[in-house]
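I have placed the structure first, in the form of structure tokens, so that the comments after it can refer back to it.
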Amino acid sequence: MVNRRRFLSVAAASAGAAMFARVPRAFAASYDLILKGGRVIDPSVRLDAIRDVAISGGRIAAIETTIAGDAADTIDARGKLVVPGLLDIHTHCGRFTQGPGLVLQDGVTGWIDAGSQGADHIGDTIAVARSSPQQGRVLINIGRAGILPDGDTMDLKNADVAAARDAIAKNRDFIVGVKARLSQDVAGENDYEVLRRTQEVATSFSLPVMIHMGQTITPIPKLFALLKRGDIVTHMFAPPPNSIIDDSGHILPEVLAARRRGVWFDVGNGQKGHMRWDTITAIMKAGFWPDTFSTDWNTNAHETGVIDLPNCMSKLFGYGMTLDQAIARATVNAARIFPLFNDRGTLKVGAPADVAVLELQKGNFDFLDNYNNKITGHQLLSPSATVLGGKRVPRA
């Protein structure tokens, strides 16, 4: 039974709680930036809804149906997608001082340079990463001279374990893995030994290896036996010889085993030799979908079938991939591969405010593989705006 004193105490507490609940409305919050009315898709928290996103102090402050408050800047995102900043884990941004700024326009708020340079000139790519407006890091090429027109490791002496180890030890804050390019025109008959040496370097520092596969001399099963948990296979859609599928369109058992033990599979769109629609069709039909999208970006990307990361993400819609699945592969999935990104790829309240605003167009769009073959798709993602560290990036 409630006595009078207890009743008045509860009533007073309730009145105080009600007054406190009204405070946010009476004193509207002030934010640095609000993105208004966009379709927020954040696979990290399984969110797909029309929401406002408020940013304060460089971090996500609130995501609500309607956010009442003033802001120094507002982005009208109605009719557009608001997603976590995109992460591109296979670029060659480090080869060009303007590279990071160019991909930032595409919504890419974090990038990895995948083996542009080896030990001899690794300082060049690190300098670009160090000055990048967004997060950028480097995979060192096991070939000490980096990418060479006649093949990085055609001369096996270029796969110099000691030189690579020394370079990593001196630049541990920017080197986050080791790259081995294994195609016939890059490593020739040295491919297996090149990969073995790459693992020798990587395991010394508990780093992942990324392999560029396809058209190798050594069969895939033998090469994949050297891959460990956390390693990355890029150019996973590369056609034969030595694709990840057999002549009947079945995924090789060694490839399935690699995924089971924690090897990641990445698109690595690129421009030559890495994607062909018939191979993609067989791999997707087999249900072996990529873990991540990446571009293999170069400064001429916009003039090729790559264009940008949102365009590369659009290419698999016709194979059954949904919008949120595509976005996951360029955000939260990519963030899981490199510790550098462990607080990125998400719009959780409190996370760094890196955001990509994308347009989703519907119609008929031509997409190119690396052999000038076209397919027609019916949805196209394209960049509209980028927010980095809570600030709108000016459009070029």
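Here, each number is a calculation from the coordinates, and none is a lab measurement. None of these values were measured; they are calculated from a predicted model. With ideal geometry, Cβ positions are generated from the backbone for all residues, glycine too; neighbour counts draw on all protein chains shown.
Here are a few things to note about the model shown:
- Paramagnetic label zone (point 7 Å from Cα along Cα-to-C-beta, residue 189; backbone N under 20 Å) in the stretch 136-166: 150-160
- Hz values of 3J(HN,Hα) by residue in the stretch 311-328 - Karplus curve (6.51, -1.76, 1.60), Gly and Pro given as x: 5, 4, 5, 6, 5, 9, 4, x, 9, x, 6, 7, 4, 5, 5, 5, 5, 4
- Helix-only mean residue ellipticity at 222 nm for the chain, each DSSP H run of n ≥ 4 adding -39500 (n - 2.57), per residue, nearest 500: -7500 deg cm²/dmol
- Across the stretch 162-218 the C-alpha pair distances fall into 5 Å bins from zero in the proportions 4, 21, 28, 20, 14, 9, 3 percent.
- 122, 147 arranged by Cβ crowding within 10 Å, fewest neighbours leading: 147, 122
- 3J(HN,Hα) along the stretch 352-358, derived from phi through the Karplus expression 6.51 cos²θ - 1.76 cosθ + 1.60 where θ = phi - 60°, amounts to x, 8, 9, 9, 10, 9, 10 Hz, with x in place of Gly and Pro.
- For residue 73 and residue 97, the FRET efficiency from 1/(1 + (r/R0)^6), where r spans their Cβ atoms and R0 equals 25 Å, is about 0.35.
- Where only alpha carbons of the chain are counted, the Rg and the Dmax (Å): 23.9, 92
- Neighbour counts of C-beta atoms inside 10 Å place 206, 243, 56 in the sequence 206, 56, 243, starting with the fewest.
- FRET efficiency for residue 395 and residue 246, using Cβ-Cβ distance with R0 set to 56 Å, rounded to 0.05: 0.75
- Pairs of lysine residues in the stretch 84-383 that meet both criteria, 8 or more places apart or on different chains and Cα atoms under 16 Å apart, total 5.
- Residue order, fewest to most beta carbons within 10 Å, for 236, 210, 154: 154, 236, 210
- Compared with the alpha-carbon gap, the fully stretched path from residue 302 to residue 228 is longer by 23.2 nm at 0.36 nm per residue.
- Spin-label zone in the stretch 206-241 - amide nitrogen under 11 Å from a point set 7 Å from the Cα of residue 257 along the C-beta vector: 221-227
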